[in-house]
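The values are calculated or read from the model by the stated rules, or taken from the named source; none is laboratory data. No experiment lies behind these values; they were computed from the predicted model shown. For neighbour counting, all protein chains shown are included, and Cβ atoms are generated from backbone atoms with ideal geometry for every residue, glycine included. Accessible surface is based on the protein model in full, side chains and every heavy atom, while ligands, DNA and RNA are left aside. Shrake-Rupley method; radii C 1.70, N 1.55, O 1.52, S 1.80 Å.
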Amino acid sequence: MNVKMGVDIGGVTLKNPVMTASGTFGYGEEYADYLDIGRLGAIVVKGLSLSPREGNPPPRIIETASGMLNAVGLQNVGVEEFIDKKLPYLRTIGSVVVANIFGESVEDYVKVADTLSNAKGVDLIEVNISCPNVRKGGIAFGSDPVLAGEVTRAVKSASGLPVIVKLTPNVTDITKIARSVEAAGADAVSLINTLTGMSIDIEKRIPHLKNITGGLSGPAIKPVALRMVWETVNAVSIPVVGLGGIMNASDALEFLIAGARAVQVGTANFINPSIAVDIIDGIENYLSDRGIGDINDLIGTLRI
Amino acid sequence: MKPETCAKIFSQRETVKGHFLMIVKAPVSFREAIPGQFIMVRLEGGNSPFLSRPFSIYSIYSRGDDTFVEIFYKVVGKGTDAFSRLREGASLDILGPLGRGFDVPASCRKVALVAGGIGVAPLSFLAQRCGEDIPGTEVICYLGAGSSEALAGLDRLEKICSTVEISTDDGSRGYHGSVTGLLKRDMDLYADDDTRIYSCGPRPMLRGLQELLKGRPPGTCQVSLEERMACGIGACLGCVARIRSDGEKGGMVRVCKEGPVFDIDRVEFGE
Ligand SMILES: Cc1cc2nc3c(=O)[nH]c(=O)nc-3n(C[C@H](O)[C@H](O)[C@H](O)COP(=O)(O)OP(=O)(O)OC[C@H]3O[C@@H](n4cnc5c(N)ncnc54)[C@H](O)[C@@H]3O)c2cc1C
Ligand SMILES: Cc1cc2nc3c(=O)[nH]c(=O)nc-3n(C[C@H](O)[C@H](O)[C@H](O)COP(=O)(O)O)c2cc1C
Ligand code: FES
């Protein structure tokens with residue numbers, strides 16, 4: 001049976017609801033040997049800042065129970081080099097390209113968004129608001145509804161592209177932040193980013209990560225992510241992109257049934273670099289086995 | 001395309017205490033592997049251990065249409081312990097060959113290998129290839145370990161190298177002290193332009209080697225670095241080391257992609 005897999009995010013049509021998550025798929029080219037990148041619904045590139053960033057000193061990663069902690073520290077080539085060196089390849093792949101951006105001030109976000117909007121080949125902007133605002137004593141933009149709204153509004157007015165705001169789970173009530181960015185004009189929200197965690201080497205009595213703390217990802221966070229996605233779906237009317245610990249098609253289907261319009265595959269790409277296409281095939285098979293002709297007829301059909 | 005593949009264990013045995021030689025049947029693409037490259041290995045299914053583990057290629061060989069990859073590893077934690085319990089016929093997910101291997105100029109006449117512990121794995125493969133590809137080249141291996149019982153990989157080295165020099169920390173065999181101390185003794189044997197030095201081992205050893213080689217022309221020595229890895233293909237930026245580009249200040253460079261082999265003079269080992 002021929003299944004319609006296309007979904008719409010902020011007016012952009014994805015050929016299927018499977019995207020690859022920021023920071024887990026490089027700039028796309030790293031995966032060219034391992035899967036047909038053109039089959040992806042969208043690819044979200046590594047977070048981009050105004051200037052290149054060196055990131056944190058190693059060790060940057062440590063495995064944890066059913067997951068990993070990372071403190072990469074947003075190392076990236078910077079928006080200019082991205083446009084010169086990475087975007088030309090991405091223009092050729094035939095998938096939607098999402099540029100993930102971050103900054104240390106509202107002005108930084110605005111400049112990056114503006115630069116990207118003028119570069120042909122970027123279809124959507126995803127705003128990572130999990131970063132500390134250096135002007136406001138380091139409080140994360142994403143942990144305060146007012147700051148989150150402010151950065152969303154600024155990026156929206158600077159960018160000619162639809163904007164997804166990526167939410168952090170390190171808050172007491174994620175729906176408050178979601179409502180605030182919706183009111184500020186976000187076209188969609190994506191969640192969740194990593195959960196802040198820690199791990200200690202008991203022999204040396206030092207943290208496993210040089211940065212002391214890091215972001216937890218992988219299957220360990222999936223139930224938390226799913227709960228937050230479901231709450232957010234019930235709180236806003238813009239599309240919600242679900243992610244956190246998706247390892248296979250059935251994990252992805254849980255998020256779609258909970259109401260996510262699309263999903264992102266993150267840490268799973270490290271375990272198996274061609275997993276994203278297996279997930280696309282798995283979703284399609286699930287739908288055709290059940291006689292569901294359109295993915296949109298499955299999204300948000302959770303029975304309670 | 002060279003996707004992750006499911007590979008069957010052809011054989012596995014403990015060579016010296018805590019060190020295992022595993023042979024897996026691999027895709028043909030592995031025939032192109034060069035010494036210094038590595039593979040990512042993961043238990044099939046399940047999330048414990050969760051991430052794949054990187055291992056140097058110890059050797060590659062073909063028999064008929066089949067290609068075999070050898071890895072030689074030391075049990076140090078959860079992942080290596082789990083691998084060591086696997087028997088013939090068990091399946092693993094493998095990805096590779098990955099990374100940039102050692103460069104050996106065709107003009108090279110003398111090769112010194114400096115191996116600390118299980119760092120012998122990529123160097124043994126290199127010794128084997130030097131013998132095959134640049135015949136007439138003298139390959140001398142300096143092998144260091146804690147004690148005589150821990151001299152992993154010695155039997156094979158003795159077959160493929162012109163000479164094997166041994167050091168042990170406790171003096172139970174060979175030179176009493178570090179492998180770099182042993183190399184220091186012989187340094188004037190390696191003064192010529194047609195000599196190359198290759199090394200792999202614990203960081204303090206590599207740092208000592210860098211010290212010892214100060215003043216030698218760039219390119220004299222290459223080392224294979226080890227960092228924790230998640231993806232192995234350059235995507236996660238988890239595995240970086242600080243590497244200088246041609247004398248400039250160092251930047252964070254991916255060990256899995258630009259490495260694991262680097263010129264020793266470019267590595268910033270830090271404190
Ligand atoms: C390119 C490369 C090639 C390698 N080749 C070999 C090889 O041929 N044979 C071999 O025995 N080992 C090799 N290693 C090291 C090997 O990957 C680690 O020993 C292994 O990942 C440990 O897994 P574990 O779950 O047993 O240990 P864990 O439980 O994760 O850790 C146990 C101990 O091992 C150390 N460790 C963990 N990961 C690494 C790592 N990536 N590099 C160095 N130390 C680590 C930890 O600091 C800790 O002290 C290589 C590493 C790299 C990066
Ligand atoms: C190594 C690593 C790097 C990441 N880098 C970024 C980033 O640059 N920007 C961002 O918004 N999220 C980043 N993330 C978060 C992921 O996009 C994702 O939100 C998170 O890992 C949860 O999904 P997962 O469990 O499927 O990995 C990173 C995650 C990992 C593991
Ligand atoms: S292990 Fe992921 S970039 Fe090197």
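Just the Kirkwood number for the protein assembly as shown, please: inverse of mean 1/r across all distinct Cα pairs, in Å, one decimal.
25.2
What does the net charge come to around B:ASP66 if you take all other residues with beta carbon closer than 12 Å to its beta carbon, with K and R at +1 and D and E at -1?
Charge balance in the 12 Å sphere: +3.
Treating only the Cβ of Lys, Arg, Asp and Glu as charged (+1, +1, -1, -1), what charge dipole size does segment B:1-136 show about its Cα centre? Round to the nearest 20 debye.
About 320 debye.
Would you be so kind as to list the residues of segment B:1-40 that have their accessible area lowered by at least 10 Å² in the full protein complex compared with their chain by itself (1.4 Å probe)?
B:MET1, B:LYS2, B:PRO3, B:GLU4
For segment B:5-98, build the charge dipole from Cβ charges (+1 Lys, Arg; -1 Asp, Glu) around the Cα centre, then report which of B:GLY45, B:SER84, B:ILE34 sits farthest towards its positive end.
Value computed over the given set: B:SER84.
For segment B:1-134, what does the alpha-carbon gyration tensor say about shape, rounded, prolate or oblate, given a ≥ b ≥ c as the root eigenvalues, a/c under 1.5 as rounded, and a/b over b/c as prolate?
It comes out prolate by the Cα gyration axes.
Residues of chain A: accessible area per residue at 1.4 Å, in Å²?
Using a 1.4 Å probe on heavy atoms only, each residue of chain A averages 38 Å².
Counting only DSSP beta bridges with both residues in the protein assembly as shown, what percent are antiparallel, rounded to the nearest 5?
For the protein assembly as shown, the DSSP antiparallel bridge percentage is about 50.
Accessible surface of B:LYS184 in the full protein assembly, 1.4 angstrom probe, to the nearest 10 Å²?
130
Farthest toward the dipole's positive end in segment B:173-217, which of B:TYR190, B:PRO202, B:PRO217, given Cβ charges of +1 (Lys, Arg) and -1 (Asp, Glu) about the Cα centre?
Ranked along the dipole, the leading option is B:PRO202.
Could you tell me which of rounded, prolate or oblate describes chain A, using a ≥ b ≥ c as the square roots of the eigenvalues of the alpha-carbon gyration tensor, with rounded for a/c under 1.5 and, failing that, prolate when a/b is larger than b/c and oblate otherwise?
rounded
Taking the dipole about the Cα centre of chain B, with the C-beta of Lys and Arg at +1 and of Asp and Glu at -1, give me whichever of B:VAL104, B:PHE10, B:ALA241 is farthest to the positive side.
The one lying farthest along the dipole's positive direction is B:PHE10.
Looking at chain B as a GNM with Cα springs under 10 Å, which of B:CYS161, B:CYS256, B:CYS141 has the largest mean-square fluctuation?
Residue with maximal mean-square fluctuation among B:CYS161, B:CYS256, B:CYS141: B:CYS161.
Can you pull out the trypsin sites (Lys or Arg not before Pro) in segment A:201-304 whose DSSP state is coil and whose Cβ has at most 15 other Cβ atoms within 10 Å?
A:LYS204, A:ARG205, A:LYS210, A:ARG290, A:ARG303
Among the residues of segment A:41-63, which ones have their accessible area go down by 50 Å² or more when all the protein chains sit together, as opposed to their chain alone (1.4 Å probe)?
A:GLU54, A:PRO58, A:ARG60, A:ILE61, A:GLU63
With charges only on Cβ, +1 for K and R and -1 for D and E, what is the dipole size of chain A about its Cα centre, in debye, rounded to 20?
So the dipole magnitude of chain A works out to roughly 480 debye.
What is the interface area between chains B and A, defined as buried accessible area summed over both chains with a 1.4 Å probe, reported in Å² to the nearest 100?
Counting protein atoms only, the buried area is about 2700 Å².
Taking a threshold of 26 Å on the Cα-Cα distance, which of the pairs B:LYS8/B:LYS159; A:LYS86/B:LYS8; A:LYS210/B:LYS2; B:LYS25/B:LYS74; A:LYS222/B:LYS78; A:LYS46/A:LYS120 fall above it?
Among B:LYS8/B:LYS159; A:LYS86/B:LYS8; A:LYS210/B:LYS2; B:LYS25/B:LYS74; A:LYS222/B:LYS78; A:LYS46/A:LYS120, the Cα-Cα distance tops 26 Å for B:LYS8/B:LYS159; A:LYS86/B:LYS8; A:LYS210/B:LYS2.
Report in % the part of the accessible area of segment B:5-98 that belongs to carbon and sulfur, leaving out ligands and nucleic acids; probe 1.4 Å.
50
With +1 assigned to the C-beta of every Lys and Arg and -1 to the C-beta of every Asp and Glu, and no other charges, what is the dipole magnitude of segment A:27-159 about the Cα centre in debye, to the nearest 20?
With only Lys, Arg, Asp and Glu charged at Cβ, the dipole is about 220 debye.
Work through the residues other than B:PHE10 whose Cβ is under 9 Å from its Cβ and net out their charges, Lys, Arg +1 and Asp, Glu -1.
Local charge sum for B:PHE10: 0.
Give me the percent of accessible area attributable to carbon and sulfur for segment A:140-257, probe 1.4 angstrom.
Carbon-and-sulfur percentage of accessible area, whole number: 55.
Counting only residues 5 or more places away or on other chains, whose amide H sits under 5 Å from the amide H of A:ALA140 once H atoms are built in the peptide plane?
For A:ALA140, whose amide H was placed from the backbone, the distant partners under 5 Å are A:ASN133.
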